[in-house]
Amino acid sequence: MACGDPAVSSADCEASDCCFDPRARQRCYYSSDVTVQCTTDGQFVVVVPRDVTTPPLSLDTVSLLGGQSAPCSPVGTTAGFAKFQFPVSACGSILKAEGGDLLYENMMSSAFDVQKGPDGSITRDSLYELTFLCRYSGSELLPVEAVVYTAAPPPPSVVAPGPLSVELRIATEAVYDSYYRDVDYPVTKVLRDPVYVEVRILNRTDPNIVLTLEDCWATSTPSPLDQPQWSLLVNGLHNVSSDGLKPTWVPFTETQSAEDFLDFSLQLMTDDWSSQRPSNVFYLGDVLNLQAEVRVAGHVPLRLFADGCVATLASDPTSEPRYSFVENYGCLTDAKVTGSSSWFRPRPLDFTKLQMQLDAFRFHQDSRSLIYITCHLKVILASQNVDSVNKACYFEGGRWRSADGSDLVCGCCDSSCGPDSKSKRQRRIKSRRAVPSNAGVWVGRAFCILLEGGLDTFPARSPSSFSHPLLCLNCVVSSPSSIVGS
């Protein structure tokens, strides 16, 4: 956008806080930052670029204290800029006397779109506020100071309870210098072989945090509540008693054939979907690449679905506020409800993966930025046809589409696809169980929305969604500042 007279000199252009390029057609132009000017005839000149916030600012929603009608409306607009020019005493400006100076102060703000649901409200727009002033002293024009607030400044550091990320892993040797990877599980051990277990706190260097193990026990299933159990630590002490359990050994081949464990996961992926995203921090305007996966480990071919997904501000998926964006047996409703570009990607050749792109959002009128996403995942046989209760549908181009190419099964997404879809979305989280076919588990993942001005709260990794089917260790871990269960 042009700044001043086309024949303006370089010195005069830069004195107006504008950019000068003698080779450009318009030699003097406004920069990509907010420009505030005070004229000698008592006028405010404020130029706001669209890209001053992330995501970009909607210029037609910007208003002054005095509203949006003349003379408070823009005097010039382009695709990327809006220019306001009005008397310093108009549009709701506040006059202050400070010594021999006169200060005129006004504020510019933008509206934002809020999508309301039955259990909470969300927005994908940034909050934008600009406070600006002009100071006049006699006939001298003094510099103006403009401060842009897009979010409250981060609070000072305090000592308070907070989430900790804790990891339990198994070392390959007694020296604890190498560890099994996720792809190495389940780990096979012969009777009387030692198992080298390590529990550690992640991403913390505070020497005041001390990790202690209170209770550890082993079960024959992934559930820490199933029987039988064998205590390894009791109140931090090694268990040497054999009264708790008298194990009876059965042939290994018989145990192997008794049940088959499925391993579900939900991960945030990189832009090319090649690996897990190293950070769970996002800005408004970003896209979340969510990948659900089931590892079958020699099972018959399976096809993965998400019956429902819900976003909450707490790890409990039934807490409020919450935003349900996949429901009704696999209908991704976010694009239809909010007009976003969220969708299921076309199904990869590997039916054990389901990939979803979701536009980042935050909950309306809530300063917390750590958001938990929980999905109910299930599988069917890959040879089985998709139907109204086994599907992955998204809304695009005014109609429902299927990630598996069978759009007809999505016809019920605007009504009801099953008699008990609501109860399925509201049942409590279960850890993981033996799944021969057409069963499911709840799997969660947390991410953090970062506003332009700072982080509302520090992000925390969600617990790992992997299980160790042949060796199930469960510990309750405590520290001076918090208690974390794993």
query: Given the conditions (1) out of contact with any helix residue (DSSP H, G or I) (no Cβ under 6 Å at 6 or more places or on another chain); (2) not in a strand (DSSP E or B), and given that LEU57 satisfies all but one, which numbered condition is not satisfied?
result: (1)
task: Restrict the check to the stretch 287-307 and report whether at least one residue is farther than 21 Å from ARG368 by Cβ and polar (S, T, N, Q).
output: yes
field: Residue check for ALA7: open to solvent by 60 Å² or more (accessible area, probe 1.4 Å), assigned to a strand (DSSP E or B) and out of contact with any strand residue (DSSP E or B) (no Cβ under 6 Å at 6 or more places or on another chain)
entry: no
message: For the stretch 89-99, check the following and say yes or no: at least one residue is modelled with pLDDT of 90 or more, in a loop (DSSP other than H, G, I, E, B) and on the phi > 0 side of the Ramachandran plot.
response: yes
query: What is the residue count in the stretch 358-401 for residues that are among the small types (Gly, Ala, Ser), at pLDDT 90 or above and open to solvent by 10 Å² or more (accessible area, probe 1.4 Å)?
result: 3
message: Looking at the stretch 64-98 only, could you name the residues that are open to solvent by less than 30 Å² (accessible area, probe 1.4 Å) and within 33 Å of the chain's Cα centre (by Cα)?
response: LEU64, GLY80, ALA82
- request: Starting from the stretch 224-250, take each residue that is at pLDDT below 55 and list its partners that are part of a loop (DSSP other than H, G, I, E, B) and open to solvent by 70 Å² or more (accessible area, probe 1.4 Å), counting only C-beta distances under 8 angstrom and pairs at least six apart or across chains.
  value: TRP249/LEU191
task: May I ask you to list the residues in the stretch 60-88 that are part of a strand (DSSP E or B) and closer than 19 Å to SER126 by Cα?
output: VAL62, SER63, LEU64, PHE81, ALA82
query: Restricted to the stretch 329-350, and to residues that are of a type in the set (Val, Ile, Thr) and part of a helix (DSSP H, G or I), which residue is most open to solvent (accessible area, probe 1.4 Å)?
result: VAL337
- line: Selection from the stretch 351-372 of residues within 17 Å of ARG124 (Cβ to Cβ) and not in a strand (DSSP E or B) yields ALA360, PHE361, HIS364, GLN365, ASP366, SER367, ARG368, SER369
query: How do the pairs read when you match residues in the stretch 304-328 that are surrounded by 23 or more Cβ atoms within 10 Å (Cβ to Cβ) with residues anywhere that are part of a strand (DSSP E or B) and among the acidic types (Asp, Glu), using Cβ under 6 Å and keeping only pairs 6 or more apart or on different chains?
result: GLY308/GLU327
field: Which listed residue, of ASP51, ASP17, ASP33, ASP41, is surrounded by fewer than 17 Cβ atoms within 10 Å (Cβ to Cβ) and over 30 Å from SER340 (Cβ atoms)
entry: ASP41
- line: Within the stretch 104-117, restricting to residues that are buried (at least 17 other Cβ atoms within 10 Å of the Cβ) and out of contact with any Gly (no Cβ under 9 Å at 6 or more places or on another chain), the one that is nearest to THR54 (Cα to Cα) is SER110
message: Give me the residue from the stretch 183-223 that is of a type in the set (D, E, K, R) and without any contact (Cβ under 8 Å) to a residue 12 or more places away in the chain and, out of that set, surrounded by the most Cβ atoms within 10 Å (Cβ to Cβ).
response: ASP184
statement: Among SER415, SER423, SER406, the single one that is at pLDDT 90 or above and either of a type in the set (A, V, I, L, M, F, W, C) or open to solvent by 50 Å² or more (accessible area, probe 1.4 Å) (or both) is SER415
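The values are calculated or read from the model by the stated rules, or taken from the named source; none is laboratory data. In this text, all values refer to a predicted model and were calculated from it rather than measured experimentally. With ideal geometry, Cβ positions are generated from the backbone for all residues, glycine too; neighbour counts draw on all protein chains shown. In case anyone asks, the SASA skips ligands and DNA or RNA and just uses the protein heavy atoms, side chains included. Shrake-Rupley method; radii C 1.70, N 1.55, O 1.52, S 1.80 Å.
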